[in-house]
1. Over the whole of A:455-462, what's the average partner chain Cβ count within 10 Å per residue? Rounded to a whole number, please.
2. May I ask you to list the lysines whose Cα is less than 23 Å away from that of A:Lys799, ignoring any residue fewer than eight positions away on the same chain?
3. What order do you get for A:Val122, B:Val271, A:Val398 when you list them from fewest to most C-beta neighbours inside 10 Å?
4. Among A:Ile490, A:Ala559, A:Thr508, pick out the residue whose Cα is farthest towards the positive end of the charge dipole of region A:487-562, where Lys and Arg carry +1 and Asp and Glu carry -1 on C-beta, about the Cα centre.
5. Return the equivalent ellipsoid semi-axes of region A:655-788 as a descending list in whole Å, where each equals the square root of 5 times an eigenvalue of the C-alpha gyration tensor.
6. Students often check this: by mean Cβ neighbours within 10 Å, which of A:513-521, B:131-139, A:313-321, A:15-23 ranks highest, and how do the rest follow?
7. If the viscosity is 0.890 mPa s and the temperature 25 °C, what Stokes-Einstein diffusion coefficient in µm²/s follows for chain B when Rh is the Kirkwood radius over Cα pairs?
8. Report, in deg cm²/dmol and to the nearest 500, the calculated mean residue ellipticity at 222 nm for chain B, where each DSSP H run with n ≥ 4 adds -39500 (n - 2.57) and the sum is divided by the residue count.
Amino acid sequence: MLFGLVGVAIPVVIHLFNRKSAHSTDWGAMQFLTDSMASRTRRIQLEDALLMATRCLIFGMIALALARPFAPPGSTIPYAVVLPALLIGISLFAVASALWQNRKLRAWLLFASAAIFLLTGVAIFYENYLNLRRLSGAGEQDIALIIDASTSMSARPDAAQQSNFERAIEEARDIILKSGSHSAFTIIAAGPSPLVRNPIPWTDRSELNDLLDTLAPSDGQMRGYQAVLAASHALAAGDHEGKQIIVITDGQDIGWQADDAASWEFLASELPDRPHKPQLLIRQLPLPNPFRNLAVTGIEFSRDVIGVDREVQIQVTLENTGTEAVTPNSVQLRIGNQTLTDTSLGQFPPGLENTLTFNHHFHQSGAQVLTAVADLSDDLAMDNSFSTAIPIIDRLGVLIIDGNPAPRFFARASAFVELALAPGMLAQQAHLIEPTIVPAPQIVSIQSFEGYQAIILADVPRLPAPIARELSDYVKRGGGLLIAPGRRAIPAFYNSWEPSPAQLGKFTIVDQDQLAPAPSLATFTHPAVRKVGTPDQSDFASLKMAAYWQLDTTDRGTAVAAKLDTGQAFVAVRTLGAGKVIMTNCSLDTQSSNIASRESFLPFVHELVYHIADPNALQLNLNPTADLSLPIDPSATSTKDQSVDTYTVTDPRGQLRQAEILSTPQGTIARISGGTMAGLYEIEIPDVAREQFATVLTSAGTLPFTVIRPAEESRLEPLTRAEIAFMSRYFEVLQPASTKDVHTILAGRSYGRELWKHLALGVLFLLIVEVALARWIATKRKTGSQEVIDFETRRGPKKQFQEQLKKIKA
Amino acid sequence: MSRDTSYMDLLPAESTSILARLEFLARGKKEGSISGRHRSPKKGFSVEFAEHREYAPGDDLRNLDWRVYGKSDRYYIKQYVEETNLRATIVLDASGSMAYRGEHASEVNSRRVSKFEQGRYLAAALAHLFVRQQDAAGLVTFDTEIRAYHRAAAKHSQTHQILTELHNTNPRGETDLAPILHEVAERIPQRGLVILISDLFDSPDEILEALHHFRYRNHELVIFHIMAEEELTFPFKKFSHFRDLEQPKNRIRIEPDTIRAAYLEKLRAFVDQIEIGCGKLQADYIPLNTKLKFEQVLSHYLAQRK
């Protein structure tokens, strides 16, 4: 492109040619010439130099403009160094040729000009070298093509014919078609988890096209960070040295984790960096604007543990994430075969979030799927529905071992706990929790702890060694244990028993006249006790300790869940194997404190039991992770990962997939391949395994779970400059405005802001300057040059005389 | 024996008809040894009365003015103006710069003349003129130094000598006009007519000083200032390469337009200074543009002199 710069030589060549073809004159009046020269040379040279510089610059800038240079956003070298240097070099060259006669100056100027051109060349070369380093193999490279398959990509910006996703596919095809034939592509559909369609980059265009045909928009957010991470792994498998990552997205900021420096540092270290790191090309498609959208963003329940015993409130959250007001016809909540409908909805102005409440009594235990659907037509149909899966339990077996089986009911150590767990017991009502009381002395009669979700040791002095061992194993398998040691507890036993969360220290009995310690509500931070720590709902602040143990919680991986206002531990929580153990610092009866008379006692006991029994241990509503794996049985652990079985899964699109059942040290998990999308999955559990998952199976014998679609996905918040700048710290991030830019970058050419218009304007300006300068100089030179020296006419023969003379001659 | 008469080309036929009618009269008094048509500062034999002087013993009684004695009883001697011949020395500049031959120069013998040739024709014509009117004519040619010096003589062969000398002279070398003029002024006997034919390309101050030297020696000065039309108008348009006629190594490459104004300004100052300087010295200053025929200029000048 720079060959055009040879054009710069045109005025110089003309100038020099003019001089070479100089008409030679033998001259006598040299002294005047020399004198005139002496007085004018400087000025003449200055004028000539100016004129020549202007002319050369005109030609140079025309040449540059014709070469259509770009100012790439990634580098300042081309326009901050190369362009000015070229222009300066041209000017120096022009001045040098204008001052050709001044040998010394000429040599210096030519030298300077040559040096600048050389430096420019070096800069260009360096820039090219950078480009080449990026794109070694001249366009032969491995390219990861990440296509945003998030929910929002199905929107059609500005009522276009195509959705953004369709447009992205089209652009992807274009990029593949027009790139170097040896470039290999990996296609990644980026939904909540990146789906690498071909883990080894391909060059076969038809296969790539076929692959693109199979892509469909997913549901949920694009996790850009994960997609780039997956891309980097795929690129590492490619053969070419040049690596590029192209993301075609609508540019939402969700999923990029553009504030998580540690993750991005990790990503940068994971990228193939030989011979150089790939660039990250973020091709942003326009977000729809105006945007008309109502999204169902969540389903919540009034209780954590839902049984078949009574009604539960179900709250459905709707949000207008668009820019225009919308009015849904109705909102339906589908529970199994039942449909609850709310038609009482009004208009949703932009930004409004509203929660609808439905009441429902579940009659059947097992997993239930709830789907809320807003009935309206808007720009983003996918987020008009939201599913959640919830296990409904019919019974929670709790075994209470009573260390003080007194004849009087309320003197027993288990009495208030039993009442708290089953308040309906007195009224003969059915209740979710079924407490079973076993006095401590009869403990050996217990055949098995299986069948109970939780065991409570109520002021039990000690356990016989076999029982203690068995209980310990029970906990490790996933059972729950609540230890409430009172004055009868023998520290020597508990301090050496494995499941015990804390060492029992000093037993403190508070005197009547002493100030009794109370729990400090501010310290109720653990999930097990958080609900009873809310100051306006809890009356535990008025709890007065009468006798309590000092709990030493060091060394056992124990968390202090709540503290007394003296700073001593009130509730300690630990996990052992798959199970959980909670220890309070006092017995839960009237002897140690007034806790049983507090209103918060009942929820307190419930919360502790729910926590250790963990009825929702199977988390059925997942946030997306890199690979979709659902823990289905935490209790069944193995020392190393091994594949146990393969189940069939129906994914949110209704397609069948395989779930690999893996036994791991963390329990059994179901790993589902083929990318994650938001929505409902159902694992078909074969008959033989149904017993194992009985509590989380639907009536159809499937294990349902959902992947959550975050509300942010519907809000269309674009990537900010700051976020791009953040990514630029780890990557060279480019934002091509079109596929043409993408090609330019892939071809290794500079791209970006076109400069030719500025150059053309510069040429125009210089032309004007040239004309003005030439005119000015001509005028200056003309002044006085028309002068006629009155020489011979003054004293010479007049015409008359000459005529007379002729007559004489004749 | 064939005699080379090519020097006679210096008196072209077309000009001799005009030259034949001309005569050169000196102004002021000239010293000479032969009686001629010019007044001499010495009193002597002549028909023209000069003045009376009181008789002193020893005076020739033949010169006693008896008529005055008859009227006044006093003895007066009649004194007569002695008529002498003119000693004219033609000083011709033969330096390199005189070789310039412009496009506009007039033609003699169908050939455009250089400045030197113009001067040479003029010198020849003048020499011819002086000898013909029985005056003494001499010739000095110089370039870097005096090249030839022919003392003024009135003999007939003088024309031949001068013409031959002129014929054999070609312009060359560098002028350092002023010092040479000083030297010439010293060498020419006093009270003569000095005719300087030159382009006067030197520092005008120094030239004028040298001319002053001539005046100091009581010479009458006539200066023919030869310039070519091109030198006066600097009409060049194209980028040119000016080679010094005096020092061929000295060259200037220049766009003529760029310095025309400055050149003309300098030249005008030069011509003006020379002319004014000559006026002060009471020297005759005759500008001679080579585009004009020399005989025209000469005859016009001589006509004015009368």
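FYI, it's all coordinate maths here, none of it is from the lab. Predicted model only: the values in this text are computed from it and were never measured. A quick note on method: Cβ atoms are made from the backbone with ideal geometry, for glycine too, and the neighbour counts reach across all protein chains shown.
1. Mean partner-chain Cβ count within 10 Å for A:455-462: 0.
2. Those lysines meeting the cut-off are A:Lys807, A:Lys809, B:Lys115, B:Lys291, B:Lys293, B:Lys306.
3. Least to most surrounded, the residues fall as A:Val122, B:Val271, A:Val398.
4. Farthest towards the positive end: A:Ile490.
5. Semi-axes (√(5λ), whole Å): 77, 14, 13.
6. Output ranking for A:513-521, B:131-139, A:313-321, A:15-23: B:131-139, A:313-321, A:513-521, A:15-23.
7. Estimated diffusion coefficient is 116 µm²/s.
8. It lands at -11000 deg cm²/dmol.
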